[in-house]
Every structure is written in structure tokens, then in C-alpha cells.
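This report concerns only the one structure given below.
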Amino acid sequence: MVLILLVSVLACKQKTMPGNFNLNLPAYQDPGIKEICQKIEVSPEDANLYFKRGLLLHRINEDTLALKDFMEAVKYDSSNAAYYSAVGDLMFEHKDINGSLPYLKKAIDINPKDPTAHLKVAKLLLFIKDYKQAFYEINIVLKQNSMVPEGYFLKGMIYKDMKDTTRSLSSFLTAVQVDPNYKEALQQLGLIYSSRNDSTALKYFENAFRSDTSDVFPLYSKGKFFQDHNKLEQAKKEYTNCVLHDPNFSDAYFNIGWILMHQDSLEKAWRHFDIVTRIETTAADAYYNRGLCSEMMNRNKEALEDYKQALVFNKNYAEAQTAIKRLSGK
């Protein structure tokens, strides 16, 4: 809903075009997007141009502008299922379930065999835990084409939600058989094997990262596997690799800090928790653990400030409450 409201108030202050698009916004300066803007100026009623620009805007996380473009595409061509599907999918990504469903249903009404729309409806149904209907939507797609990996992946996610690990594993394996580079299925397989303490997990995490090096979660998952098996130096190595690829991946800094704290490298641990507080300013756990490091280094005033800050962001933080009482009594 927030996304829709933002779209409705986009203002045109300088260079504009039909549809009230402010072309002075930084997003429109991207070379590929700028080229489409020029084409839209020539053909302002070409629905496909708005759709193409919306896809590019979504790719650079400009979803408010992307949604506006997808809606323009629908306005100029109400017979294209893909345009309705794009609107519905983007609304779903932003948790606007009520807004999303009518667009996805419209896409299916226009093209009952549209696999994309059926799978997007299945995702939505999984979100609201209507498993039976979600399976129904997925099976429509797989009956038309048994080589759609997303169908098996979504089945795996449904079984995972139902706590049926055996069927979940089977579905993710099938997704990877259809598409060996299906990152999401590879990651889920890694998590399943990791939960079983099976080092096969590492292979799947490695393959997941190889399939998309812009996503460092598989590297973090490798580090967590090593940490859970008390291979702390290997864990730190993976976490370090993680933040080298993504300097804002706060969970990796936090876990390095936790390991260093338990290795009595308190100053280094403090610095890692400090990094987390700068990336995520409301991270109560980071303030608490930074405070704990300060306390262990006899910097009690700093520690007390951090414990109090942790309570600001989590008023029920029991450990922070206990720590404040402990230091207040000294």
C-alpha cells in the first residue's frame, strides 16, 4: 500500500513527460533507462516501452518508479497478461497482498496458461498458508511443462513450511536437476544438509554463490556451518570473505565479533560490534555485545551506555536489564 501511495505523489518539478514522470530523478540517468525514456518521448502510448523501463528500474531497486511504469503499461494495453503480472508481483514483494491478488488473477483471466502468473499466485498462497490451492496453481504449470524449476522450488518451500523435510529435500533436488544453477534451491539444500550436520551442505552453498556472486548469503551460511561445528578459524575466514564481497553484511561482522569475544580478542571484537551498530543503528544485540566487551575490558561507563541503548531498541532485552543492574550495583 505504501508503494502505491508513493507512486501517486511523485511530482514533476522540472523535465517531465506524459504520465507525469520527473526525468530529472537520478534513476532516469542510467544509460539504458535514459535510452528508453527518449523512445517514450517519441511514442508515449507504447505500453511495451513502459514495461521494459519498469523492469530496468526494478533491477536497480527503484520499485516505486517501476510500479508506476507497469501501471502505465496496463493503461495503454489492458490485454497483456505480463503487465498485470508485473504489477501483482511487485506489490507482493512489498507485502501488499490485497493489492497484488487482483492483478495476478487478471493476468490468469487474460491468459489461463500463463505459467508466470500461476506461480506468482502460488507464492502468494504460500505466504497466507493456503497450501492446497498453492499446489493446485503449481501443478497447472508443471502439467504444461515439467521442466519449470521454480515449480519444484515452490513445492519445496511449501513442504518446508509444513515441516516435511523429506519431501522438501526431494523437491529442491528436482529443481536443481532441472536447472543446476537455480540459486534459491541450492541454498535451501545447503540449509537442509546443514541442519543435519552433513558437510554436503558446503558444496551446495558454494554452488549457490557461484551461480550468483552478488548474493553473499551462501558465504555467510558456510561460515555459520563452520561456526556451529566449532571450526572457528574457518568460520572467520568465510565471514571475512562475505564482508569483502558485501561490506554492509552486518551478520557476518557480528559473528566475527562473537567469535573474537570468545577468543578473548576483546578490542577486535568490540570493533566488529561497533561496525554493526553503524550499519544497523537499531541492532540491540550489537549494542549489548559491544557493551559486554567494554565491561570485560573494565570500561564500565561505556558498557552501561550500550546496555541502556540496547534497551531503547528492545525494551524486553533481559540480558541488558541484568547487565545494567550488575553495573549499577558496583
For Asp114, Asp130, order by how many other beta-carbon atoms lie within 10 Å, fewest first: Asp130, Asp114
Base-10 log of normalised Debye intensity for segment 148-213 (one unit scatterer per alpha-carbon) at q = 0.15, 0.17, 0.22, 0.26 Å⁻¹: -0.38, -0.49, -0.82, -1.09
Using θ = phi - 60° and Karplus 6.51 cos²θ - 1.76 cosθ + 1.60, couplings along segment 220-237 (whole Hz; Gly, Pro as x): 4, 5, 4, x, 5, 4, 5, 4, 5, 9, 6, 9, 6, 5, 5, 5, 4, 4
Per-residue HN-Hα couplings for segment 118-135 [Karplus 6.51, -1.76, 1.60; θ = phi - 60°; Hz; x = Gly/Pro]: 4, 6, 5, 5, 4, 4, 4, 5, 4, 4, 8, 6, 8, 5, 4, 5, 5, 4
Bins of 10 Å, starting at 0 and running to the largest distance - Cα pair percent for segment 13-100: 18, 52, 26, 3
Segment 248-330: relative contact order as a whole-number percent, Cα under 8 Å and 6+ apart: 22 percent
Relative contact order of the chain, pairs being alpha-carbon contacts under 8 Å that are 6 or more residues apart, as %: 6 percent
Extension reserve of the Thr166-Thr322 stretch, reckoned as 0.36 nm per residue once the Cα distance is removed: 51.9 nm
Length-normalised contact order of segment 67-196 in % [C-alpha pairs under 8 Å, at least 6 apart]: 14 percent
Ranked list, fewest to most other Cβ atoms within 10 Å of each Cβ, for His245, His58: His245, His58
Spatial extent of segment 248-330: Rg and Dmax, with the Cα atoms as the point set, Å: 11.7, 37
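Assuming 0.36 nm per residue, please report the length gained on full extension of the stretch Asn61 to Ser199 beyond their Cα-Cα distance.
Values: separation 138, 0.36 × 138 = 49.68 nm, distance 3.50 nm.
So the extension gain works out to 46.2 nm.
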Along principal axes, Cα extents of the chain, largest first, whole Å: 72, 54, 34
Point-to-point label distance, Gln29-Asn139, nm (Cα→Cβ direction, 7 Å offset): 5.4 nm
Centroid-to-centroid separation of segment 283-330 and segment 91-164 [C-alpha atoms, Å]: 45 Å
Calculated log₁₀ intensity ratio I(q)/I(0) where the Debye formula runs over C-alpha points of segment 202-249, q = 0.15, 0.28, 0.33 Å⁻¹: -0.32, -1.00, -1.19
Likely footprinting exposure, Arg326, Arg290, fewest C-beta neighbours within 10 Å first: Arg326, Arg290
Separation in nanometres of the label points that stand 7 Å from Cα toward Cβ, at Val42 and Asp130: 4.5 nm
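Each value in this text was obtained by applying a stated rule to the coordinates, not by laboratory testing. Quick caveat: nothing in here was measured; it's all calculated off a predicted structure. Here the Cβ is made from the backbone with ideal geometry for all residues, glycine too, and neighbour counts use every protein chain on show.
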